1. Tell me, what ³J(HN,Hα) does each residue in region 18-35 have, in order and in whole Hz, if you take phi through Karplus 6.51 cos²θ - 1.76 cosθ + 1.60 with θ = phi - 60° and put x for Gly and Pro?
2. Using the per-residue mean of other Cβ atoms lying within 10 Å as a proxy for protection, in what order, highest first, do the peptides 55-61, 20-26 fall?
3. If you average the alpha carbon positions of region 73-92 and of region 1-52, how far apart do those two centres end up, in angstrom?
4. What is the total of Lys pairs in the chain with C-alpha atoms under 17 Å apart, excluding same-chain pairs fewer than 8 positions apart?
5. Roll a 1.4 angstrom probe over the protein heavy atoms and tell me the percent of accessible area of the chain that is carbon or sulfur.
6. List, in order, the whole-Hz ³J(HN,Hα) value for each residue of region 8-15 obtained from phi through the Karplus relation with A = 6.51, B = -1.76, C = 1.60 and θ = phi - 60°; use x for Gly and Pro.
7. Per residue, how much accessible area does region 29-93 have with a 1.4 Å probe, in Å²?
8. What percentages, rounded to whole numbers, describe P(r) for the chain computed over all alpha carbon pairs with 10 Å bin width beginning at zero?
Amino acid sequence: MAESKGVQDGKIFAVLSYLWILCFIPLLLKKNNKFAVFHAKQGLVLFIAEIALWIIGIVPVLGWFISIVGSLLCGILALVGIVQALMGKYWKMPILGDYAEKIKI
């Protein structure tokens, strides 16, 4: 199975998209690569969710619990996103993927 040139060129940038603040690298450097931008937008939403979880984590007990569980889920989503990017697939994250699609870049 031959992969398109855009997917092949954008794989590394797509992987970077899921590594916290590095999601901005493909958004700035690979604006014309559809594959990299698709994953970068999801990475950006994931990054924002992680920051929100840190803020929620300030609240004692319940906030800590929500923050820990949410961070684990974000970590799992990031790992699956990295694997899917390496496989050259357009993978839409559950729930957060809907928000990523609304981002206009």
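1. Couplings: 9, 9, 6, 6, 5, 4, 6, 4, x, 5, 8, 9, 10, 4, 8, 9, 4, 5 Hz.
2. 20-26, 55-61
3. Cα centroid to Cα centroid, the span is 11 Å.
4. Value for the chain: 25.
5. C and S fraction of accessible area: 75 percent.
6. 3J(HN,Hα) across region 8-15, in whole Hz: 4, 5, x, 4, 4, 5, 5, 5.
7. For region 29-93, the solvent-accessible area averages 59 Å² per residue.
8. All Cα pairs, binned at 10 Å, distribute as 17, 46, 26, 9, 2, 0 percent.
The values are calculated or read from the model by the stated rules, or taken from the named source; none is laboratory data. Since the structure is predicted, the reported quantities are computational estimates derived from the model, not experimental observations. A quick note on method: Cβ atoms are made from the backbone with ideal geometry, for glycine too, and the neighbour counts reach across all protein chains shown. Keep in mind that these areas ignore ligands, DNA and RNA; they rest on the heavy atoms of the full protein, side chains included. Shrake-Rupley method; radii C 1.70, N 1.55, O 1.52, S 1.80 Å.
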